[in-house]
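Here the structure comes first, spelled out in structure tokens, and everything after it is commentary.
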Amino acid sequence: MAVTEPRNENQNVVEVEDLVVKFHVRSDSGKRTIVPVDHVSFSIKSGEVLALVGESGSGKSTIGRTLVRINRPAGGTIRFDGQDVSSIRGTALKEYRKNAQMVFQDPFGSLNPVKTIEKHLVFPLKKHRGYTGQTLYQKVGELLHQVGLTPVQEIRVKFPHELSGGQRQRLAIARALAVNPKLVVADEPISMLDVSIRAGILQLMNDLKREFGLSYLYITHDLASARYFGDRIMVMYGGKMMELADSKELIKNPLHPYTRLLLAATPGSHGNVNLTDQSNEAPNLDSERKGCPFAFRCPLATDICREEMPELKNQASASSRVGEHLVACHHSP
Amino acid sequence: MSNNNPQPVLELRNVSVGYESARGVVQAVRNISLTIYPNEIVGLIGESGSGKSTLANAIMHLLRNSAFLLGGEVIVQGQNVYDLNSKELKKFRWNRMSMVFQSAMNALNPVLTIEQQIADVFKAHRPQMSKHEIHDKAVSLMELVSIHPKHLRSYPHELSGGMRQRVVIAIAIALEPDLVIMDEPTTALDVVVQKSILDKIKELQKAKGFAVLFISHDFSLVAELAERVAIMYAGRLVEVTGSKELNLETRHHPYTEGLLRAIPELTAESVTIEGIPGNPPDLINLPSGCAYHPRCKYAMESCKTVPPVEKDVEGRLIACHLYTEEAVK
């Protein structure tokens, strides 16, 4: 599979090559293996936001969790700053987590209800960065201030249940930042928040990106926020990459039938997609499957689609300034 | 009552709902008046804690757990819902008005087949129907929501989320009610599935002619589905507007405007978004005057003390001092 070469002089923070993740599951018919992430390659540059868009079962969260090494890859490599982190363990893994942090979807479930806000930040600051005493106290204050949790003195001593959803997500972000990471994997960080709060969290993540030169993998199901926050968007279906391009380009000029379907279904697009597709079935993730995972819902599908997974090809016209526009479809123009 | 308009399907007159709490009565819904006509889809938008689900339960006369109607009238098809005794109410519910609940995906009974659950409705409300008739009815309902009737024998866990949601909708419209209240029916569904459910709701609504009160927190979704949109904040209606006017070129309540600015637009050339500062209010400790004033960039002195009343602004109902002052001039 073609690996995306950096065209920019910017350095790649993350390089993922042919990543495969497998899970063994028990079902009625005995044990089987599913492949939620199937030969996926991408890179994230320093200071770049890669938005990863897909529906449930697309493998987007699994990629995020594998990137911070909660899951172990079954194949392929993850390089961080040039170093292979795909199978590191122990101290090396702990060290790596200083660089790669994760913000989870549910700010109600990812905080410890019996710890004060301050304690949530004291732990990583002490453990990973060795701050103590007055410096530690100051650093906690700084972090809270940076994520907009003010007045700091009042917030410090509160417990998570005393915060609103938006405030909790800010704390989760502060906790991720505490170890001074280079990469933040944000898995649907705004989807559980109220509409009026979401924009503030996106803005905060944007500000922090500039301030700290952070790179993000922004995982979402919402193309509109992906377009806003992401420099590039990668669309996944059934564990496979369908399309990857500059955000504006992808929304303006979607080449994959699945991306087009997603776009048309997104509220606000006023798309009149004819969903002949009543199949509410989840994509087949079985390790034995063949062909393009989207074929069974695809209006353009032909025999070859059901037999053979199309390769990712660069479809950007030579004249365009959008760089790469990767598409995996037998029928893309 | 106006004579020209058809009889409204739903009329809310100054509805207020309270909750008993340790710190006294908390008003979750304050003085809401709203009318829905036949064949209409009205969207109700609000954030968590705005009282939108409480209002839905109040309409269904389903308030419980220390919640109660503080005042006002809920009139469905000319009938005051709160004048019915419990026996009448049981008949009235589902026959005349039904509801699709939030997280309806989990509203189905896991140990009964789909057919048993659809049949339940008929057994309770149409005792004269034979088993055979009920089965036929169940088959046609499944076809109506585009699910193969073979799934009548399935258990809920055997269906996908989208299919379960369709079943729940089928159950809600089984007795052909005049009003269907849908409380966040597509939350937790994938966008493509969501779109197909919304299309289905529109299609059914056109075919059957029931009115829908569609409750959601998703602005762009409601704007696409409903003709009129009511926006709630801290238990009050702050605006009722046509969905076509939901853009920044039109003048709105500052909260509506804030929401419009907070949503990234999918197709615009450049996107800027702006969050609304602060947090949704605590109902126990509501700000004085207009509850939105601590977050409002246009807030004036009067906003801190006097709650604004609804005014007609170019055909939209807006409760904001920006417009009342203007009206006075």
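The values are calculated or read from the model by the stated rules, or taken from the named source; none is laboratory data. What you are looking at is a predicted structure, and each value in this text was computed from that prediction instead of being measured. Here Cβ is always computed from backbone atoms with ideal geometry, including for glycine, and neighbour counts include all displayed protein chains.
Quick notes on this structure:
- Complete set of residues in region A:186-204 that are part of a loop (DSSP other than H, G, I, E, B) and either crowded, with 24+ Cβ neighbours inside 10 Å or not polar (S, T, N, Q) (or both): A:E188, A:P189, A:I190, A:M192, A:L193, A:D194
- Meets criteria (over 30 Å from A:T266 (Cβ atoms) and either without any contact (Cβ under 8 Å) to a residue 24 or more places away in the chain or within 13 Å of another protein chain (Cβ to nearest Cβ) (or both)) for B:V309: yes
- Qualifying residue in region A:240-249 (condition: among the small types (G, A, S), surrounded by fewer than 23 Cβ atoms within 10 Å (Cβ to Cβ) and within 13 Å of chain B (Cβ to nearest Cβ)): yes
- In the set B:E239, B:E227, only one residue is buried (at least 22 other Cβ atoms within 10 Å of the Cβ), over 19 Å from A:A199 (Cα atoms) and not small (G, A, S); that residue is B:E239.
- Test: residue in region A:162-177 that is more than 14 Å from every other protein chain (Cβ to nearest Cβ) and in contact with a Lys or Arg (Cβ under 9 Å, 6 or more places away or on another chain): no
- Residue list for region A:58-76, restricted to those being more than 19 Å from A:L312 (Cβ to Cβ), of a type in the set (K, R) and either touching a residue at least 60 places away in the same chain (Cβ under 8 Å) or part of a helix (DSSP H, G or I) (or both): A:R65
- Single unsatisfied condition, B:K150 versus (1) part of a helix (DSSP H, G or I); (2) at pLDDT below 95; (3) surrounded by 15 or more Cβ atoms within 10 Å (Cβ to Cβ): (3)
- Residues of region A:135-157 include at least one that is in a loop (DSSP other than H, G, I, E, B), within 12 Å of chain B (Cβ to nearest Cβ) and touching a residue at least 24 places away in the same chain (Cβ under 8 Å).
- Scanning region B:193-219 for residues that are within 21 Å of B:G161 (Cβ to Cβ) and among the basic types (K, R) yields B:K195, B:K200, B:K202.
- Test result for A:S58, within 23 Å of B:G161 (Cα to Cα), of a type outside the set (D, E, K, R) and surrounded by fewer than 22 Cβ atoms within 10 Å (Cβ to Cβ): no
- Residue match in region A:87-95 (condition: polar (S, T, N, Q), surrounded by 13 or more Cβ atoms within 10 Å (Cβ to Cβ) and in contact (Cβ under 8 Å) with a residue 12 or more places away in the chain): no
- Against the conditions (1) within 14 Å of chain A (Cβ to nearest Cβ); (2) aliphatic (A, V, I, L, M); (3) crowded, with 23+ Cβ neighbours inside 10 Å, B:I273 satisfies every one except (3).
- When restricted to residues that are within 30 Å of B:Y19 (Cα to Cα) and within 24 Å of the chain's Cα centre (by Cα), region B:258-287 contains 10.
- Checked against the criteria, B:Y255 does not count as over 20 Å from the mean Cα position of the chain (by Cα), surrounded by 14 or more Cβ atoms within 10 Å (Cβ to Cβ), within 14 Å of another protein chain (Cβ to nearest Cβ) and of a type outside the set (A, V, I, L, M).
- Screening the candidates B:I263, B:I284 for the property of being out of contact with any helix residue (DSSP H, G or I) (no Cβ under 9 Å at 6 or more places or on another chain), within 14 Å of chain A (Cβ to nearest Cβ) and at pLDDT below 90 yields one hit, B:I284.
Quick grid of which residues meet (1) more than 25 Å from B:K208 (Cα to Cα); (2) within 14 Å of chain A (Cβ to nearest Cβ):
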site	(1), (2)
B:Q7	no, no
B:R30	yes, no
B:Y37	no, no
B:G49	yes, yes
B:A58	no, no
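- The single residue among B:L246, B:L213, B:L237 that is touching a Phe, Trp or Tyr at 6+ places or on another chain (Cβ under 9 Å) and not small (G, A, S) turns out to be B:L246.
- Candidate set: region A:205-226, residues that are buried (at least 24 other Cβ atoms within 10 Å of the Cβ) and assigned to a helix (DSSP H, G or I); chosen: the one farthest from the other protein chains (Cβ to nearest Cβ): A:A226
- Matching option when the condition is within 16 Å of the chain's Cα centre (by Cα), closer than 30 Å to A:A224 by Cβ and assigned to a loop (DSSP other than H, G, I, E, B), among A:E55, A:E15: A:E55
- Test result for A:I34, closer than 22 Å to A:A316 by Cα, in a strand (DSSP E or B) and not small (G, A, S): no
- Taken over region A:227-243, residues that are part of a helix (DSSP H, G or I) and closer than 25 Å to A:V37 by Cα amount to 2.
- Check on A:R79, outside any loop (DSSP other than H, G, I, E, B) and charged (D, E, K, R): yes
- Of all residues in region B:158-186 being more than 10 Å from every other protein chain (Cβ to nearest Cβ) and part of a loop (DSSP other than H, G, I, E, B), the one that is surrounded by the most Cβ atoms within 10 Å (Cβ to Cβ): B:P185
- Residue in region A:120-136 that is of a type in the set (K, R) and either within 16 Å of the chain's Cα centre (by Cα) or within 21 Å of A:A186 (Cα to Cα) (or both) present: no
- Test: residue in region B:98-105 that is out of contact with any His (no Cβ under 6 Å at 6 or more places or on another chain) and either farther than 30 Å from B:S130 by Cα or among the charged types (D, E, K, R) (or both): yes
- Taken together, A:I63, A:I44 contain a single residue that is under 18 Å from A:H221 (Cβ atoms) and of a type in the set (V, I, T), which is A:I63.
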